[in-house]
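A.B. asks: This structure is in structure tokens; I'll ask about it shortly.
The values are calculated or read from the model by the stated rules, or taken from the named source; none is laboratory data. The structure presented is a predicted model; accordingly, all values stated were derived computationally and were not measured. All Cβ positions, glycine included, derive from the backbone under ideal geometry; neighbour counts span all protein chains shown. To get the accessible areas, we keep the full protein, side chains included, count just its heavy atoms, and leave off ligands, DNA and RNA. Shrake-Rupley method; radii C 1.70, N 1.55, O 1.52, S 1.80 Å.
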Amino acid sequence: PAKKPAPAAAKKKAAPAPKEEPAPKEEPAPKEEAGAAPTPAAEEPPAPEHPPEQTPAPTDEVAPVPTEAGTEATPEGSPAPPAESPAPAPEAKPEKPKEEPLSCPLSLAVEEVSENSFTLTWKAPEQTGRAGLDGYMVEICKDGSSDWKAVNQEPFLSTRYTIPNLSSGDKIHVRVTAVSASGTSVPATLEQPVLIREILQLPKIRMPRHLRETYIRRVGDAVNIMIPFQGKPQPEVSWSKGGQPLDTNRINIRNTAQDTIFYIRQAQRGDSGKYELTVRLNGAEDKATLDIQVVETPGPPQNLKLVDVWGFNVALEWTPPADNGNSDIKGYRVQKSDKKSGKWFTVLERCTRTSCTISDLIIGNTYSFRVFSENICGLSDSAAIASGVAHIEKTKTTYQPEKIPQRDMMEPPKFTQPLTDRTTTRGYSTHLFCSVRGFPQPKIIWLKNQMEIREDPKYIALIEQGVCSLEIRKPGPFDGGVYTCKAVNPLGEASVDCRLDVK
């Protein structure tokens, strides 16, 4: 009889387990005999580690057991009355919490579809349990069949998988299951079957950067343009100009799966314009515009006129050319030619106006003028030539001499600047200078060592505006000495001298 109360006490203390009481208060077992039945029940304190929502289940099963003894309301601290039978003790085992189930993978979706395969992506499940996630298993089933086949033999941990070796046109159902040591999850299944076909890629024209602006070519040049595009399956490509199909006699179009080639063997000005490229695919389309401008050199300016001539200046005017070569006129080149040389010289390189003034012309010359027009291709083949010529005449002026009273201008020679001693180097020519005045103009005589220098090619004597000079060409040691300049007129004479050393 001493052994019977122990099971009842074990039952009463097992019931408060959902209240998460500390484990030491639930273990009075050491005071009982070692062979008592409640020993297994005393090993269940780990129950509070799990969420409380799963533990109330064993409470409902244990509570009816002491009902017959009238102990439902017995306080926890009061001694438990003896139970009649220990038979319900094994029912306490459900108190052990159940392990959380493994949840299914999330966000299963198709990433890419090709002609014979498709790629799946998904996210890891929210609950993986204590054992952790071992991997995933992918299964497929053809539409209309219930035979599911595993694609992979062993679980894998990646959340992306490509299923290969499929037949184009098949409809495939797919499901993915998470696997762990505790079992498998509910499979994540695609709502719709996957149609195995080449994925539709919207048409897109990739216009090269240099073709986004006006494409300029000269008359006679070849036009060869390649424009890439994308789209799967291969889209339909069409060209038009002004809403009308292209003239295939002049323009060749060749299309591939990835680009279209626009080719003109010899471009003419009539080929200029805006061409529309359209790429269509199953109702979707993309458009691009190719602007081509075929240009040539412009015609010459018109109505070139010589408007006015005054002093050293000439004014010209003209009008733009009748044909600009299918390109804007950048400017005009103005040239002149004098009658003596007959050669043309550029006066203005790029005049942006239709008039100009030419200055700094030479007196006495007669000039002709011409003008070229210029566009992106260059100068016009011919020029406009002014009908008239410009003769730059010397301005006529009449000199009126000033009336001054007569006075006696006679004056004997007088040196205003004497000679100075010089030292020169052998072999280097040297000059001697002095200034003299007198009226009438005095005669100049040069002497060396008191000997008059006559017609000696070694000496060159000059006088200009009263400045007297003597050049001694490549002097030697014997050319050194005293040089004298003497000025003589009817009223008298004067002289200056200097010494020359040659080293």
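The rows are residues; the columns are (1) farther than 30 Å from LYS394 by Cβ; (2) free of Cβ contacts under 8 Å to residues at least 40 places away in the same chain.
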residue	(1), (2)
GLU276	yes, yes
ARG280	yes, no
LEU316	no, no
ALA322	yes, yes
SER327	yes, no
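A.B. asks: Quick check, is SER167 open to solvent by less than 80 Å² (accessible area, probe 1.4 Å), closer than 25 Å to LEU133 by Cβ and in the same structural domain as VAL113 (by the TED database)?
C.D. replies: Values: open to solvent by less than 80 Å² (accessible area, probe 1.4 Å): yes; closer than 25 Å to LEU133 by Cβ: no; in the same structural domain as VAL113 (by the TED database): yes.
Answer is no for this residue.
A.B. asks: Moving on. Within region 183-204, count every residue that is touching a Pro at 6+ places or on another chain (Cβ under 8 Å) and part of a loop (DSSP other than H, G, I, E, B).
C.D. replies: 3
A.B. asks: Let me ask something else. The conditions are (1) assigned to a loop (DSSP other than H, G, I, E, B); (2) open to solvent by less than 30 Å² (accessible area, probe 1.4 Å); (3) closer than 21 Å to GLU213 by Cα, and PRO298 fails exactly one of them. Which is it?
C.D. replies: Exception for PRO298: condition (3).
A.B. asks: Still on this structure, please answer the following. State whether one or more residues within region 437-458 are more than 30 Å from GLY299 (Cα to Cα) and among the small types (Gly, Ala, Ser).
C.D. replies: yes
A.B. asks: Filter region 348-363 down to the residues that are of a type in the set (Val, Ile, Thr) and touching a Lys or Arg at 6+ places or on another chain (Cβ under 9 Å) and list them by number.
C.D. replies: Across region 348-363, the qualifying residues are THR352, ILE358, ILE363.
A.B. asks: Yes or no: region 315-336 includes at least one residue that is hydrophobic (A, V, I, L, M, F, W, C), assigned to a loop (DSSP other than H, G, I, E, B) and either under 45 Å from the mean Cα position of the chain (by Cα) or at pLDDT 95 or above (or both).
C.D. replies: Let us first name the residues in region 315-336 that are hydrophobic (A, V, I, L, M, F, W, C), namely 315-316, 318, 322, 329, 334.
Then drop every residue that is not assigned to a loop (DSSP other than H, G, I, E, B), which leaves 322, 329.
Imposing the further condition that a residue be either under 45 Å from the mean Cα position of the chain (by Cα) or at pLDDT 95 or above (or both) reduces the set to 322, 329.
Looking for residues that are hydrophobic (A, V, I, L, M, F, W, C), assigned to a loop (DSSP other than H, G, I, E, B) and either under 45 Å from the mean Cα position of the chain (by Cα) or at pLDDT 95 or above (or both), one finds at least one in region 315-336, hence yes.
A.B. asks: In this structure, does ARG350 turn out to be part of a strand (DSSP E or B) and within 42 Å of the chain's Cα centre (by Cα)?
C.D. replies: For ARG350, the condition - part of a strand (DSSP E or B) and within 42 Å of the chain's Cα centre (by Cα) - is met.
A.B. asks: Could you tell me whether region 189-198 includes any residue that is open to solvent by less than 50 Å² (accessible area, probe 1.4 Å) and closer than 18 Å to TYR263 by Cα?
C.D. replies: No, because not a single residue in region 189-198 is open to solvent by less than 50 Å² (accessible area, probe 1.4 Å) and closer than 18 Å to TYR263 by Cα.
A.B. asks: Taking the criterion of being part of a strand (DSSP E or B) and aromatic (Phe, Trp, Tyr), would at least one residue in region 370-388 satisfy it?
C.D. replies: From region 370-388, those part of a strand (DSSP E or B) are 370-375, 378-379, 384-385; that's our starting set.
Next, only the ones that are aromatic (Phe, Trp, Tyr) stay: 372.
For region 370-388, residues part of a strand (DSSP E or B) and aromatic (Phe, Trp, Tyr): present.
A.B. asks: Do we have any residue at all in region 447-457 that's modelled with pLDDT under 90, open to solvent by less than 100 Å² (accessible area, probe 1.4 Å) and out of contact with any helix residue (DSSP H, G or I) (no Cβ under 8 Å at 6 or more places or on another chain)?
C.D. replies: yes
To keep it simple, each residue is scored yes or no on (1) of a type in the set (Ser, Thr, Tyr); (2) open to solvent by less than 40 Å² (accessible area, probe 1.4 Å).
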| site | (1), (2) |
| --- | --- |
| PRO321 | no, yes |
| ASP328 | no, no |
| SER337 | yes, yes |
| GLU349 | no, no |
| GLU374 | no, yes |
| HIS391 | no, no |
| ARG407 | no, no |
| LEU419 | no, yes |
